[in-house]
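Below is one structure; the comments refer to it alone.
Rule-based calculations on the coordinates, nothing more; no lab input. Computed from a predicted model, the values in this text were never measured in an experiment. Cβ coordinates were reconstructed from backbone atoms using ideal geometry, including for glycine residues, and neighbour counts include every protein chain displayed.
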Amino acid sequence: MQAPLRKGNKEETLGRAKGVTRTGRSLLFGLLLLGLAAVSSLVYTWQRQVVESMLTSNLNLEKRLEAIKKETEVLECEVVALETLDRIESLAQGKLHMVPLCWDDVVIIEQVKGKAE
């Protein structure tokens, strides 16, 4: 319910009548607006904080992924170097005391197909 207004001339600003005070509703409405503004600013700040945290986490994960990719490339190069035939032959002759195969010493035995006696 609104407070009664006093009657006056057209040039005169109309206001509350003498002795009429503000109602508690307008104070509650003002407090409600102030509370909504405070809550919305807190929600906005919280959302910004969450987004910043996620961006930092993503940046750290991207750096880690890049480091793993570089390490993978280094390990692939190392595997290729370890698979070379020269290295395998030198290890076979040095550590395992193997000798190269001489095909003149190889005897091939063929079995004739047919009845076995």
Local net charge near Glu62, Cβ-Cβ under 14 Å (Lys/Arg +1, Asp/Glu -1)
+3
Please turn the phi angles of segment 56-63 into ³J(HN,Hα) values with the Karplus equation 6.51 cos²θ - 1.76 cosθ + 1.60 (θ = phi - 60°), one per residue in order, whole Hz, x for glycine and proline.
5, 4, 4, 4, 5, 5, 5, 4
